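The values are calculated or read from the model by the stated rules, or taken from the named source; none is laboratory data. Keep in mind the model is a prediction, meaning the values are calculated, not measured. Note that we place each Cβ from the backbone using ideal geometry, even for glycine, and neighbour counts take in every protein chain shown.
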Amino acid sequence: MEVKSLFQLDGRLLFFAFQAGGNRLLQHQAEINNINVFPVNDKDTGTNLASTVRSVLDTIKPTKSYKETIYLIANNALMGARGNSGIIFSQFLYGISCETPEKATISQAEFAESIKKSIPYIYEAVANPVEGTILTVIKDWSDFLSDKKHNSKSFSEIIVDSLELLNESLNETKLKMKMLQQQNLVDAGAKGFVVFIEGVIDFIRSTNIREFVFQSAMNIPLIHTEDIDYDIQFRFCTEAIIKNVNIGKTELQYFLSDKGDSVVVAGSEKLCRVHVHTNNPAELFFRLKDFGTITFQKADDMIRQNEAVTRRKWNIALVTDSTCDLSQELTDFYQVYSLPLNINFGDNHYLDKVTITPDHFYDLLESSVEPPTTSQINEQSFTNLYSHLASHYDAIISVHLTSQFSGTYLNSVKAAEKIAAEFNKPVYTIDSKTLSGALGLLVLRVAQAIEAGLPIDKIVELVEKCRTDAKIFVSVKDLKYMIKGGRVSKQKGYIANLLGINPIVSMDESGKSILFGQTFSQRANINKVMKQIKKISTGKTIWNYSVLHAHNPSGAQIYADKMLILTGKQPISVVDISPVIGMNAGSGTIAVSLLFD
């Protein structure tokens, strides 16, 4: 097919070419996922690359200036990058942006030069560069363009001619890495880059640019494919965006390499994105805060993701949020999927229970001048999770903290409606009208009903019926946290502290918090709560109960001992309360939750 001559490139042509390449990546993500074995055999390279280009396509509009457009593409790719290959690809675009002259249009020689000069950016971003990956194929492509930059052929002809070189370089990846050679596979990230350039070439060859202008990627979903089991050395695929980094990128790589593997540091000291596989994201981020301002975090549980694909115990997925206080042993056994709420200390961002532990949280709570704030789980997070689960489960049940406290439940509902329609599978969302240990008991009730094989409509009916039988009583030891967070006025708090008053907080049937009572000591609080529990338990059977505390295990033990005498059974869980709950209740808080039969 004859190729139109093109000797200059402006912003609009660059955007449309990127759009064509991105659309092709979205269309071929399943193929790329299926061959993904390096660095982790988690079958998500196609999805990660697709997500990276989607962050560009969904955000920016074409402009006439090449320099402005490549800057916007690079910046949005960096903000939305996912996975090793996605971050490397975004760093490649960042390098091009940095090395592009301040011009509205550029020549083929200037384009080739910016590509060539971007190569050090991607190699320096990776702590341990491995040949035979996307790095190698991008480098080979840049060498080809550089060799042809003074050729009499047009820019468009050279790009089309580069496809043969790209395919040769891609095929050679299986010879450069033993893992790929053993399975007779090419590298998935490298394949993704070649697919992207194929899309660009389709655009160049097209006689109808309008076709590409109006072609949208919005209706091409991010997907998850193939049932593959693999060993996981590091549990969490962790990423962060850090502003104003105060150490060198090499030092940051050394720090991250000490915490895990698959380390990539992209961007600049002003704004960088890091990627690392680690077993302790909370410890990692507690240290990272000293190196700059953390504005975004992601920590995907690769063990739970793998279980969805290869080790599902049941065909109904169970989802909740991080305010669900239940032991890790129980959530692991019942394969409960949990999305974290967001906690912000000033400009630093954390994920409840994932990238901040109670230990770190209360340290920051004491030292922070400004009180922490929380934000709900957004709709996109639910959409991503439900899309993944719907690819492998027959149905989904999602149980969340009271809608009176957060918009999390409503965002879950919106995402559920979208995914249920897209996959034609039921996705049920339930407002628990409670939180913490009481939510944990409801989630456990659902988990055991799933284990017992109850039909999904019966399970939903069961939890909606028994949520009024879930109770929680929270004994607050120190009002200073409620005062600091604005839950109690300074004047009332001062008087209460002066009198030594300790409030007891509970939940009403609509999901609102209520003041159950107040005494002059926490031990008196415990006695008051136990008296109430005995009263409401008359003629009923306590199915299970849990004890919660905020860095107060001795206080929790008092509750556990008294509940053991009352019920004749040990608590199903004794756990440190979720930081999102603890930020208002404060250190020293203890609570008991129970669920009646």
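Return yes or no: is residue 418 touching a helix residue (DSSP H, G or I) at 6+ places or on another chain (Cβ under 7 Å), free of Cβ contacts under 8 Å to residues at least 40 places away in the same chain, outside any helix (DSSP H, G or I) and surrounded by fewer than 20 Cβ atoms within 10 Å (Cβ to Cβ)? Talk me through it step by step, then tell me what you get.
Values: touching a helix residue (DSSP H, G or I) at 6+ places or on another chain (Cβ under 7 Å): yes; free of Cβ contacts under 8 Å to residues at least 40 places away in the same chain: yes; outside any helix (DSSP H, G or I): no; surrounded by fewer than 20 Cβ atoms within 10 Å (Cβ to Cβ): yes.
The answer is no for residue 418.
When the residues of the stretch 424-461 are filtered to those that are surrounded by fewer than 23 Cβ atoms within 10 Å (Cβ to Cβ) and on the phi > 0 side of the Ramachandran plot, which remaining residue is nearest to the chain's Cα centre (by Cα)? Walk me through how you get there before you give the answer.
Within the stretch 424-461, the subset surrounded by fewer than 23 Cβ atoms within 10 Å (Cβ to Cβ) is 424-426, 428, 430-431, 445, 448-458, 460-461.
With on the phi > 0 side of the Ramachandran plot added as a condition, the list becomes 424, 453.
Working: 424: 25, 453: 30 Å.
Among residues in the stretch 424-461 that are surrounded by fewer than 23 Cβ atoms within 10 Å (Cβ to Cβ) and on the phi > 0 side of the Ramachandran plot, the one nearest to the chain's Cα centre (by Cα) is 424.
Scanning the stretch 572-583 finds no residues that are touching a residue at least 40 places away in the same chain (Cβ under 8 Å), under 30 Å from the mean Cα position of the chain (by Cα) and on the phi > 0 side of the Ramachandran plot.
Look through 135, 93, 78 and report the one residue that is in a helix (DSSP H, G or I), among the hydrophobic types (A, V, I, L, M, F, W, C), under 22 Å from residue 46 (Cβ atoms) and in contact with a Pro (Cβ under 8 Å, 6 or more places away or on another chain). Break it down into steps so the answer makes sense when it comes.
Details: 93 fails: in contact with a Pro (Cβ under 8 Å, 6 or more places away or on another chain); 78 fails: in contact with a Pro (Cβ under 8 Å, 6 or more places away or on another chain).
Of the residues listed, the single one that is in a helix (DSSP H, G or I), among the hydrophobic types (A, V, I, L, M, F, W, C), under 22 Å from residue 46 (Cβ atoms) and in contact with a Pro (Cβ under 8 Å, 6 or more places away or on another chain) is 135.
Out of 540, 535, 512, one residue alone is over 28 Å from residue 328 (Cβ atoms), over 40 Å from the mean Cα position of the chain (by Cα) and in contact (Cβ under 8 Å) with a residue 40 or more places away in the chain. It is 540. Only a single item in (1) within 25 Å of residue 181 (Cβ to Cβ); (2) part of a loop (DSSP other than H, G, I, E, B); (3) modelled with pLDDT of 90 or more is not met by residue 42, and it is number (3).
Conditions (1) in a helix (DSSP H, G or I); (2) at pLDDT below 90, marked per residue:
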{"position": "510", "(1), (2)": "no, yes"}
{"position": "546", "(1), (2)": "no, no"}
{"position": "558", "(1), (2)": "yes, no"}
{"position": "561", "(1), (2)": "yes, no"}
{"position": "571", "(1), (2)": "no, no"}
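Hey, could you check the stretch 87-111 for residues that are among the small types (Gly, Ala, Ser) and touching a residue at least 40 places away in the same chain (Cβ under 8 Å) and say which is farthest from residue 140 (Cα to Cα)? Within the stretch 87-111, the match that is farthest from residue 140 (Cα to Cα) is 104.
Report, by residue number, each residue of the stretch 96-132 that is under 33 Å from the mean Cα position of the chain (by Cα), of a type in the set (A, V, I, L, M, F, W, C) and not in a strand (DSSP E or B). Listed by number, the residues that qualify are 96, 98, 115, 119, 122, 125, 127, 130. Does residue 77 satisfy being within 23 Å of residue 274 (Cβ to Cβ) and either buried (at least 19 other Cβ atoms within 10 Å of the Cβ) or among the aliphatic types (A, V, I, L, M) (or both)? It is true that residue 77 is within 23 Å of residue 274 (Cβ to Cβ) and either buried (at least 19 other Cβ atoms within 10 Å of the Cβ) or among the aliphatic types (A, V, I, L, M) (or both).
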